[in-house]
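Take a look at the structure below.
The values are calculated or read from the model by the stated rules, or taken from the named source; none is laboratory data. Just so it is clear, the model here is predicted, and its values are computed rather than measured. In this analysis, Cβ positions are derived from the backbone assuming ideal geometry, glycine residues included, and neighbour counts consider all displayed protein chains. To get the accessible areas, we keep the full protein, side chains included, count just its heavy atoms, and leave off ligands, DNA and RNA. Shrake-Rupley method; radii C 1.70, N 1.55, O 1.52, S 1.80 Å.
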2 protein chains.
Amino acid sequence: MAADDLVELAKRRGFFFGSNGAYGGTAGFYTFGPQGAALKRNVEDAWRDRFTIREGNREIEAPTIMPEAVFEASGHLDGFNDMLVECPECGASHRADHLVEDATGIEDAEALPGEEVEALIADNDLACPSCGTPLAGAPVENFNLMFATDIGPGDAQPGYLRPETAQGIFVEFPRLKEYARGSLPFGITQIGPAYRNEISPRGGLLRLREFTQAELEQFVDPEEDEPPLDRVEDVEVRLYPATEQAADDGEYLHTTIGEAVDDGVIGSPWVGYYLGVAQEWYERVGVDMDRFRFRQHLAGERAHYAADCWDAESEVGGDWIEIAGFAYRGDYDLSKHDEYGDDAFTIFKRYDEPKTVERATVDPDMSVLGPEFGGDAGAVAEALATLAERDPDAFDAETVTVEVGEGDAAETHEVDADVANFAVEEVTETGEHITPHVVEPSFGVGRTVQTLLAHAYREDEVDGEERTYLSLVPEIAPQDAAVFPLVTNDDRLTALADEVAADLRAAGLAVAYDDSGSIGRRYRRQDEIGTPFCVTVDRDGIERDGPDTVTVRERDSAAQVRVPVDDLAGELAALRAGESFDALVDRYETVATDVETN
Amino acid sequence: MAADDLVELAKRRGFFFGSNGAYGGTAGFYTFGPQGAALKRNVEDAWRDRFTIREGNREIEAPTIMPEAVFEASGHLDGFNDMLVECPECGASHRADHLVEDATGIEDAEALPGEEVEALIADNDLACPSCGTPLAGAPVENFNLMFATDIGPGDAQPGYLRPETAQGIFVEFPRLKEYARGSLPFGITQIGPAYRNEISPRGGLLRLREFTQAELEQFVDPEEDEPPLDRVEDVEVRLYPATEQAADDGEYLHTTIGEAVDDGVIGSPWVGYYLGVAQEWYERVGVDMDRFRFRQHLAGERAHYAADCWDAESEVGGDWIEIAGFAYRGDYDLSKHDEYGDDAFTIFKRYDEPKTVERATVDPDMSVLGPEFGGDAGAVAEALATLAERDPDAFDAETVTVEVGEGDAAETHEVDADVANFAVEEVTETGEHITPHVVEPSFGVGRTVQTLLAHAYREDEVDGEERTYLSLVPEIAPQDAAVFPLVTNDDRLTALADEVAADLRAAGLAVAYDDSGSIGRRYRRQDEIGTPFCVTVDRDGIERDGPDTVTVRERDSAAQVRVPVDDLAGELAALRAGESFDALVDRYETVATDVETN
């Protein structure tokens, strides 16, 4: 199915649609309708179950607006840009790198300097896609992708909508480590909105200005902590390593997580562990594993601090799209936030036994420094202390040279060595401060939703009629079941159907109720939104001897069984938890329906 | 417990804390820690279960950024303001109405005109709370509380962070009514972030700049739809009607929903229905109903379009705080968005039988109007059509007078009546377009969390030692259970404890694992975050004949029973769903603990 068809289907059936249609629409924003919001929530719950609860990690919820200082430290303020070229004629904005890539076949034009992209635009006579005006000579500028706002009135503080949920975790590390009682490894997760003010949003849920991320930041001691690789070592994966992508006849590598880590194809065992967990999770929620792969980042794609990066990719409408990223980020994130160097963003790692170490110290005579250096005296004393730590041998000379101030205000001072009162002391240390490394599995929730819809789409014939349906797994389907009275002119049937629906809802199941149109039409409606089971209350079920029964129809096979009302909630809950419908076929009376699917 | 103590407890135990502490903090923003995020999610799930699933409503998820046109229509752009006064000396911003209220005892100063508030500031010699400078003469200005941003690059479109989730529902009504197959009543819910750029944020979760709402918009036909009041008519409530608030010796009214609606104390049956549902829901999630009331809005508090408004209020730290609002909003919201008058925001209501009605029409002779009125001819024809509908008798005269254009450009034209070709036709109508009315229960999720913590806080003595604990109901507690090996130097115990914890997590339970410190200390840690049940793996449980057993301790009573490992997940799930611990005491061996609580 083409991507456009999927978007149309999603709109018609209440999964998602472009927002603010009554106001002409707003590019880059989508609203999840009733089916889509339920599907998305089920994906989030399944992710939480796997990546938070079962891993013993902890989930937090941080605000979406954050102050400027956070993004100064994280690097987003300076570096979170796309290349923008504005048409001098019509004023339309375009991604300059995308124009160049589309026209020249160059890959990853984003990595090129702006002037080079300007030159490529001129050399290739590229024109504005909106109005056809030549773009040669138009400047290529860096456009920061963060949405800016002002926090508070008057002397407002600049703030930004977070471009990733991760920063809400990193910035609170000083407190989060307390909750973890100061010991590694521990993992913090967050599911929530993130924002990127895209220059050219794309259709569907692929490149939005507001989207949902599910991120895990796993904090580890790089020297000691190892992942429980044995749990996933036998998981089979399809890898697309960087070397194969670069080769002319590059091929997928079919292997196991254990082998790929042993062979060094996957550089980080932690990344390998989470690739294995993710592979099993994607299969559980219904991704077609024949349309799924892990692709390693090429050297140019990777952030400079990231040692090993892989994307999970799914095939949708003929294209491979990134649906998750797995990166070993080293100590980059925490060290960036430790701006005051006060160890708030480190962990104190206790030695097995206390160590005695030599430490160089100074105790400058301020009665000499004061008169000599005036206002600089304090800075000189500090510089001496720093120098003692870094280069104790400098104090062997008669005078010591230090520099204070920065940039143009920098000044060099000479100090008599004996004024510094340099000494080497023996101190006992019980441990050291280390900056944890970060392993980050980062999932796009909307892209997962889009993948699941695309992979669940089916067409077949039932009873000689064409039908389309969504073969979503029960855990993920928006509705757990639908309840129908077979006819509406029999009060006994409608009363029992009402009761059955209320009971199922009280048992925590998401249940649709439908009494409009023929039963076949009602089945089709549910097939189209992927409801796995339809419950019909018919006369046969209440008129026969014994307890009241209803029919339960399975979506894909259209097979039906007759189940006592008292068993219904338990059976549907078991089916949702993964039990096969065949188990019900074995245990209950099947209903002949003359229906054939093919 | 005082509000400040609650905030301190919440921070220490991982419920919530002011965001960005490492960067000096950002007023008005809180981060939910691991316990708080879980508690909040449980509150949201319980709300969804009651107000979406069991009511048969539909939940959607809309973006948090919306374009300016939406808020032009909704009235927020012009009217969503607070009164701001800026100190001329130090530049600090203050809520002018709050300064006046605090100093004068005037209630609801927000309702006064700005000049009057300026006069009150001068008359009462009010000074800047930050620096003491007199504020007399400083202008009181309207400050719009929406966070503004720019959508897209270049010719950016102004956008705002939504001040309430409701607008994301109203604006999509044209599509949502399709999903409801065009028939009333139907209800749409949404749970998500909302934003208000408060001038003076308050402590804790009470007045934040970013917060979570759970809102239900119930769309009804005002002439026909009635709520299922019988379901809640016997629910007992404590009401604080407007008349009692105004009276000198005003008292609470203890009554039932049914009586309050019958007596007209609650003006709208729909509002009455949701007050009843909410009363039961608050009780279910653990609000202390002796510290809870429904307070009716005073006439001055109510928006002009709202026929009846009630707040749910809870007592926290000695103050009554609003935790939900219930309003009958009439057709205000949808008619505001129906700017093009194209009936997109209406429902087509079919008559029981088609009606034949007379309709006045015109068919102006454009070959006359054209030469006579030139560029105005089209507008004149339109004006004639409008006039025919509004005042058909006008066409009895020889000439008809119409006005075209607006404001200064308005012009009056005379047209010969026969040129208009006026006629009255009989047409058959099958129905009419009506604008649904809106009933809106709107819940503050963070304020509910804060209420639950305050109401669950307990101090007692266990085993002669003081303890503090949170008596949260199992459905809401952040952790469903904690698992401990009694000692860590016995591999059999730690292996079984690991296995038990993994099994419980696989069964969907949120489980903490703790093997550090004495067992008493571990119990206290869980008591402090409100974990209702602690599971301890001890030697006795694995050394005795029969299947392995563990002890299960209930938080409030500290009573313990011994439960077979195989039964554990099922029993804990039942306890979470509301089963009493006494049922386990009846069925299993109790463990003597010598522990007394009082």
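Computed values, structure above
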| read-out | value |
| --- | --- |
| Chain A: angle of helix A:3-12 to the longest principal axis, Cα-based, in degrees nearest 10 | 60 |
| Ratio of Rg to Rh over segment B:357-427 (Cα coordinates, Kirkwood Rh, two decimals) | 0.97 |
| Disulfide-incompatible cysteines by the Cβ rule (no partner under 4.7 Å) in chain A | A:CYS309, A:CYS534 |
| Other-copy label distances relative to B:PRO134, 7 angstrom Cα-Cβ extension, nm | 7.0 |
| q = 0.09, 0.23 Å⁻¹, segment A:465-591: log10 I(q)/I(0) [Debye, one scatterer per Cα] | -0.21, -1.58 |
| Whole-number D in µm² s⁻¹ for chain B, Kirkwood Cα-pair radius fed into Stokes-Einstein, 37 °C, 0.692 mPa s | 114 |
| Net +/- balance of residues flanking A:SER442 in space, Cβ distance below 12 Å, scoring K and R +1, D and E -1 | -4 |
| Antiparallel bridge percentage (DSSP; both residues within segment B:465-591; nearest 5) | 65 |
| Relative contact order (percent, whole number), chain B, Cα cutoff 8 Å, 6+ residue spacing | 12 |
| Amide proton proximity set for A:ILE476, modelled H, under 5 Å, gap of 5+ | none |
| Per-residue SASA entry for B:TRP270, accessible area with 1.4 Å probe, Å² rounded to 10 | 20 |
| Taking only Cα atoms of segment A:272-430, radius of gyration then Dmax in Å | 26.6, 78 |
| Rounded tilt (10° steps) of B:491-506 against the dominant C-alpha axis of chain B | 20 |
| Neighbour cut-off at most 13 other Cβ (10 Å), DSSP loop, trypsin sites (Lys or Arg not before Pro), segment B:495-598 | B:ARG544 |
| 7 Å along Cα→Cβ, label-point gaps from A:ASP556 to other copies, nm, shortest first | 4.7 |
| Rg/Rg_ref, segment B:1-94, where Rg_ref = 2.2 N^0.38 Å and atoms are Cα | 1.55 |
| P(r) tail fraction, the protein assembly as shown - alpha-carbon pairs more than 43 Å apart, % | 51 |
| Heavy-atom accessible area ranking, 1.4 Å probe, most first, across A:TYR282, A:TYR469, B:TYR513 | B:TYR513, A:TYR469, A:TYR282 |
| Theoretical gain in end-to-end length, B:ASN489 to B:GLU115 [0.36 nm per residue, Cα-Cα removed] | 127.2 nm |
| Mean-position separation - Cα centroids, segment A:543-598 and segment B:291-310, in angstrom | 50 |
| Nitroxide proxy distance, nm - points 7 Å out along Cα→Cβ at A:ALA103 and A:VAL427 | 6.1 |
| Greater than 28 Å apart at Cα, pairs in A:LYS177/A:LYS355; A:LYS177/A:LYS336; A:LYS40/B:LYS336 | A:LYS40/B:LYS336 |
| Selection from B:ILE476, B:GLY508, B:ALA577 lying farthest towards where the dipole of segment B:465-591 points positive, charges on Cβ | B:ILE476 |
| Estimated inter-spin distance, B:THR593 and B:ALA247, nm [label 7 Å along Cα→Cβ] | 4.8 |
| Innermost chain B residue relative to the axis carrying B onto A, by Cβ distance in angstrom | B:THR149, 2 |
| Listed peptides A:383-396, A:49-62, B:444-457, A:365-378 by packing density, highest first (mean Cβ within 10 Å) | B:444-457, A:49-62, A:383-396, A:365-378 |
| Solvent-accessible area of B:ARG302 with every protein chain in place, 1.4 Å probe, in Å² to the nearest 10 | 80 |
| Helix A:445-456 vs. chain A, principal-axis angle (Cα, 0 to 90°, nearest 10) | 30 |
| Pseudo-label separations to other copies for B:TYR252 - Cα-to-Cβ vector, 7 Å, nm | 6.5 |
| Label-point separation in nm, B:ASP262 to B:GLU283, each point 7 Å along Cα→Cβ | 1.9 |
| Chain A, accessible area per residue, ligands and nucleic acids excluded (1.4 Å, Å²) | 43 |
| Within the accessible area of segment B:357-427 (1.4 Å probe), percent carbon and sulfur | 43 |
| Sequence-separation-based contact order of segment A:391-481, relative, with Cα cut under 8 Å and 6+ spacing, percent | 14 |
| Computed E for A:SER183/B:ASP460 - FRET, C-beta separation, R0 41 angstrom, nearest 0.05 | 0.85 |
| Centre separation in Å (Cα based) which lies between segment B:108-154 and segment B:198-250 | 28 |
